[in-house]
Amino acid sequence: MPQIAQLAETWSSQIFWMLIFFGFIFFVIGRGMVPKVMATVETRDRQIASDLAAAEAARAAADAEEEAWRAQANRQRAEAQALIAKAKLEAAQASETRLAKANTKLDAKLAEAEAQIAQARSGALKEIEKVAAEAAGDIVTRVAGLTVDAKAATAAVKEALNG
Amino acid sequence: MAETAKVDPMHQFTIEPMFGTDHWQIAGYNIAFTNSSLWMALAAVAVLIFVAGGMKRELVPGRWQMAVEGFTGFIDNLLAANIGPAGKKYVPYIFSLFMFILFANVLGLMPLGLVGVHPFTFTSHFTATGVLAVMSFAIVLIVGFWKHKLHFFSLFIPHGTPLVMIPLIFAIELVSFLVRPFSLGLRLFVAMMAGHVLLEVLSGFVINGFNAGLGIGPVVSVLSFALMIAICALEILVAGIQAYVFALLTSLYLNDAENLH
């Protein structure tokens, strides 16, 4: 077993070089480089954490923005609806008054037309009476050979027509 | 040569001085640069290259940077879990320990014999692992007595020990505490050595089996070879686990020093 057989000759060299190289690793790598590596990791972790926080804040801001926008949209929609309702009401009222005006005008026209019709009818009746009286006189002259007085004929026709 | 082929499973652990054998001395102690020292240097350089590759410090890490940050994060988590916030300051030490042992173990398993280089696993020498173990234990002692002064001895008296039991428990706990550096260093040394010896013994079976000619020999060889492949995988696992265990136990001992119980 060389570890024991060579102990006397090699132990000092082993310990010396072990201390030298472990010292090198400890001071140069362990003390010099490892803290920098770990600082890098820490910086990255902090960066990630702050980025996440920023993202979270941005999300919250976006949510608030959206909420505000939604509220505004709702208000505007309500305003628009009110405006529409008002316009509808006004339009309905306007059309009603115009309808009423047109109605009265129509009524007046109707009345006038009815009056004209009545007048025309009475005119026509008079004409008919006259024609009927003449026709009756003619008929009487032809059938009976009598000459009937126009006045008497008219009276008779009037009597017959009006019952 | 074929008939006399004999694999000495222990030969791989021989330390061969490379230079400075005669005149490199400190206060009379020889500090020759050996193959063991060479592989310590290689492990150190490998760790240096590995960590340096992860020093780009980019916000979005590449694969290499990710790997290095994975290791530092692993050690950081280990210490945070075992010691708490006070463990942060031990990250450089535990990281150095873990990476040095891990790279040493893995480098020692590299099949570099194929290209004529013989890997040397210095973690299979208790002189090397002992240095690390004693260092860890010394840090535990220094931190413990620095932070808690003589109150550190209360570590050896668990809570709720009956008064009459205190001397006995104290003695037992003290012994188990003092054994720590030995168990720490020997565990790594034994695990690495056992694996390498096993591989070497099996490779001896493979060679001798084929040399024995037709018969049962080649069967043994093939079976041994299959076993070697499996054990190679196991050894890679052991290389990682032993490095982890060393780092984990050191952090547990540091926890005792930091927080007592």
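Kirkwood Rh, chain B, all Cα pairs: how many Å? Walk me through the numbers before you get to the answer.
Values: mean 1/r = 0.0471 Å⁻¹.
Every distinct Cα pair counted, the radius reaches 21.2 Å.
Have a look at A:ILE128, B:MET135, B:ILE231 and report the one farthest towards the positive end of the charge dipole of the protein assembly as shown, computed about the Cα centre with Cβ charges (Lys/Arg +1, Asp/Glu -1).
It is A:ILE128.
Can you pull the percent of the protein assembly as shown's accessible area that's carbon plus sulfur, 1.4 Å probe, other chains left in place? Mind dumping the intermediate values first?
Values: 17600 of 25420 Å².
Percent of accessible area from carbon and sulfur atoms in the protein assembly as shown: 69.
Determine the shielding of peptide A:36-45 by partner chains: average, over its residues, the number of Cβ atoms on other chains within 10 angstrom of each Cβ.
Values: counts 5, 13, 9, 1, 11, 9, 1, 2, 6, 0.
The shielding value for this peptide is 6.
Spin-label point model (7 Å from Cα, Cβ direction): what's the A:LYS109 to A:SER95 distance in nm?
So the two model labels end up 2.0 nm from each other.
What does the helix-only formula give at 222 nm for chain B: each DSSP H stretch with n ≥ 4 adding -39500 (n - 2.57), the total divided by the residues, and the result rounded to the nearest 500 deg cm²/dmol?
On the way: 6 runs with 171 residues, N = 261.
Taken over chain B, the calculation gives -23500 deg cm²/dmol.
Enumerate the helices in chain B for which the Kyte-Doolittle hydropathy averages 1.0 or more and the C-alpha atoms extend at least 24 Å along the helix's axis, using complete DSSP H runs.
On the way: long enough: B:35-53 (27 Å, 1.88); B:63-82 (28 Å, 0.24); B:91-109 (27 Å, 2.10); B:126-148 (31 Å, 1.66); B:166-211 (63 Å, 1.52); B:216-259 (60 Å, 1.53).
Helices passing the filter in chain B: B:35-53, B:91-109, B:126-148, B:166-211, B:216-259.
Between A:ALA124 and B:ALA138, what is the spin-label point distance in nm, taking each point 7 Å from the Cα along the Cα→C-beta axis?
Once both label points are built, they end up 14.5 nm from each other.
Would you mind counting up the charge near A:ALA136? Only other residues with Cβ under 13 Å from its Cβ, with Lys and Arg at +1 and Asp and Glu at -1. All intermediate terms of the calculation are to be shown ahead of the outcome.
Details: positive: A:LYS130, A:ARG142, A:LYS151, A:LYS158; negative: A:GLU129, A:GLU134, A:ASP138, A:ASP149, A:GLU159.
Charge balance in the 13 Å sphere: -1.
I need the P(r) histogram for the range A:2-162: all alpha carbon pairs, bin width 10 Å from 0 out to the longest distance, whole percents.
Spelled out bin by bin, the range A:2-162 gives 8, 10, 8, 7, 7, 7, 6, 6, 6, 5, 5, 5, 4, 4, 3, 3, 3, 2, 1, 0 percent.
Given A:THR154, A:ALA71, A:GLN119, which one lies farthest toward the positive end of the charge dipole of the range A:2-162, if we put +1 on the Cβ of every Lys and Arg and -1 on the Cβ of every Asp and Glu?
Value computed over the given set: A:THR154.
Skipping prolines and chain starts, which residues have an amide H placed within reach, meaning under 5 Å, of the one on B:MET18, given they are 5 or more residues away or on another chain?
B:PHE33, B:THR34, B:ASN35
To the nearest 20 debye, what is the magnitude of the charge dipole of the range B:50-145 about its Cα centre, counting +1 on the Cβ of each Lys and Arg and -1 on the Cβ of each Asp and Glu? If you can, show how the numbers build up before the last one.
Numbers: 5 positive and 3 negative charges, 27 e Å.
Here the range B:50-145 has a charge dipole of around 140 debye.
By how many nm would the segment from B:ASN211 to B:TRP64 grow when fully extended, if each residue of separation counts as 0.36 nm and the alpha-carbon distance is taken off? Walk me through the numbers before you get to the answer.
Details: separation 147, 0.36 × 147 = 52.92 nm, distance 4.60 nm.
My answer for the length gained is 48.3 nm.
Given Cβ point charges of +1 (Lys, Arg) and -1 (Asp, Glu) and nothing else, what value in debye, to the nearest 20, does the dipole of the range B:11-259 about its Cα centre take? Mind showing how you got there, number by number?
Numbers: 9 positive and 10 negative charges, 100 e Å.
So the magnitude is around 480 debye.
For the residue pair B:LEU178 and B:ILE166, what label-to-label distance in nm results when each label sits 7 Å from Cα along the Cα-to-beta-carbon direction?
It works out to 2.1 nm between the two label points.
Could you tell me how many degrees, from 0 to 90 and to the nearest 10, lie between the Cα long axis of helix A:34-144 and the main elongation axis, the longest principal axis, of the Cα atoms of chain A?
Approximately 0 degrees, to the nearest ten.
I'd like the mean, over residues of B:50-61, of how many other protein chain beta carbons sit within 10 Å of each residue's own Cβ. Provide the component values of the computation, followed by the final result.
Details: counts 1, 9, 3, 0, 5, 6, 2, 7, 2, 5, 1, 4.
Across B:50-61, the average partner-chain Cβ count within 10 Å equals 4.
Give, rounded to the nearest 20 debye, the magnitude of the charge dipole that the protein assembly as shown has about its Cα centre when Lys and Arg contribute +1 at Cβ and Asp and Glu contribute -1 at Cβ.
Dipole size: approximately 900 debye.
How shielded is B:95-103 by partner chains, expressed as the average number of their Cβ atoms within 10 Å of its Cβ atoms? Present the calculation step by step, with values, prior to reporting the outcome.
Values: counts 9, 11, 4, 0, 4, 8, 1, 0, 1.
Average neighbour count from other chains, rounded to a whole number: 4.
Report the Stokes-Einstein translational diffusion coefficient (µm² s⁻¹, integer) for the protein assembly as shown, Rh taken as the Kirkwood radius over Cα pairs, at 37 °C with viscosity 0.692 mPa s.
Details: Rh = 31.2 Å.
Translational diffusion coefficient: 105 µm²/s.
Using the per-residue mean of other Cβ atoms lying within 10 Å as a proxy for protection, in what order, highest first, do the peptides A:92-102, B:91-101, B:73-83, A:36-46 fall? Write out the running numbers ahead of the final one.
On the way: A:92-102: 10.0, B:91-101: 25.2, B:73-83: 18.5, A:36-46: 15.2.
Most protected by this proxy first, the peptides run B:91-101, B:73-83, A:36-46, A:92-102.
With a 1.4 Å probe and all protein chains left in place, how much accessible area per residue does the range B:110-157 have, in Å²?
Details: 2380 Å² over 48 residues.
For the range B:110-157, the per-residue accessible area is 50 Å².
Order B:161-171, B:243-253 from most to least packed using the mean count of other Cβ atoms within 10 Å. Provide the component values of the computation, followed by the final result.
Details: B:161-171: 11.2, B:243-253: 20.8.
Sorting B:161-171, B:243-253 by mean packing, highest first, produces B:243-253, B:161-171.
Net charge around A:GLY30, counting only other residues with Cβ within less than 12 Å of its Cβ (Lys, Arg = +1; Asp, Glu = -1)?
Details: positive: A:ARG31, A:LYS36, B:LYS89; negative: none.
So the environment of A:GLY30 carries a net charge of +3.
The values are calculated or read from the model by the stated rules, or taken from the named source; none is laboratory data. Computed from a prediction, not measured in an experiment: that's the story for all the values here. In this analysis, Cβ positions are derived from the backbone assuming ideal geometry, glycine residues included, and neighbour counts consider all displayed protein chains. These accessible areas exclude ligands, DNA and RNA; they are computed on the full protein's heavy atoms, side chains included. Shrake-Rupley method; radii C 1.70, N 1.55, O 1.52, S 1.80 Å.
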